[in-house]
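J.: Here it is, the structure, as structure tokens.
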Amino acid sequence: MEMKKSEEVLAEVHRNCQLALQSISNILPETEDAELREELMRQHENYERICGRAAILAKDKCVELKNPSPIKKAMMWSSIKMNTMTDNSRAHIAEMMVQGTVMGITALKSTLAEVCGDWADAEIVALAKELLSAEEGFEKKWKTLIA
């Protein structure tokens with residue numbers, strides 16, 4: 001039971017990072033604002049770092065991680081292109097990033113709540129909490145850029 005719960009947490013960390021990396025990669029070409037581009041790149045680096053650590057943990061613990069499907073990636077790409085086609089303003093892009101970040105925070109909190117009280121792998125839970133903390137910081141930053 002312990003390893004199964006830990007695998008679910010690790011899979012959620014990986015999925016969350018992969019979706020965030022894909023979203024940022026899709027939105028960067030639509031972003032003209034230099035400060036926004038800088039923030040997107042900074043967050044991309046953070047997600048890459050955490051995703052890399054998740055991959056190392058998965059290898060160490062013999063856990064297979066799955067990437068989002070090509071269909072999911074295509075849907076995200078088209079959604080971002082449609083959303084920025086008519087409005088690629090700072091406020092609109094920041095709003096889109098808040099929405100995505102909140103979805104990630106919600107998914108992580110839900111997954112962590114399921115293992116609460118169980119004897120989940122401490123390293124995996126710590127990585128999930130690190131990602132959660134980073135995403136909460138990203139959400140605050142994006143909210144300041146909406147105004």
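J.: For Asp60 and Glu35 in one chain, what is 0.36 nm times their gap in residues minus the Cα-Cα distance, to one decimal in nm?
T.: Result: 5.2 nm gained on full extension.
J.: Which whole-angstrom value gives the distance between the alpha carbon centres of the stretch 70-96 and the stretch 99-129?
T.: Between the Cα centres of the stretch 70-96 and the stretch 99-129 lies a distance of 26 Å.
J.: Okay, moving on. With the contact rule set at Cα under 8 Å and sequence spacing of 6 or more, what percent relative contact order holds for the stretch 1-92? It would help to have the intermediate numbers written out before the result.
T.: Working: 57 pairs, mean separation 40.5, N = 92.
Computed value for the stretch 1-92: 44 percent relative contact order.
J.: May I pose another question? Going by C-beta contacts inside 10 Å, put Ile71, Ile50 in order with the fewest on the left.
T.: Ile71, Ile50
J.: For a quick check: sort Thr101, Thr106 by the number of other beta carbons within 10 angstrom, fewest at the front.
T.: Thr106, Thr101
J.: To continue, here is another question. Report the charge-dipole magnitude of the stretch 2-146 in Debye, nearest 20, computed about the Cα centre from +1 at each Lys and Arg Cβ and -1 at each Asp and Glu Cβ.
T.: Dipole of the stretch 2-146, to the nearest 20 debye: 240 debye.
J.: How big is the stretch 57-117 on each of its three principal axes, counting only the C-alpha atoms and giving the largest first in Å?
T.: Principal extents (Cα only, largest first): 45, 27, 16 Å.
J.: Within 10 Å of each residue's Cβ, count the other Cβ atoms and sort Val115, Val13 from fewest upward.
T.: Ascending number of Cβ neighbours within 10 Å: Val115, Val13.
J.: Over the residues of the stretch 2-146, compute the C-alpha Rg and express it relative to 2.2 N^0.38 Å.
T.: 1.07
J.: Calculate, in nm to one decimal, what Glu8 and Ser133 gain on full extension: separation in residues at 0.36 nm each, minus their alpha carbon distance.
T.: Net length gain for the segment: 43.1 nm.
Just so you know, all these numbers are worked out from the coordinates, no wet-lab data involved. Treat the numbers as computed from the prediction; the structure is a model and nothing was measured. All Cβ positions, even for glycine, are placed from backbone atoms using ideal geometry, and neighbour counts span all protein chains on display.
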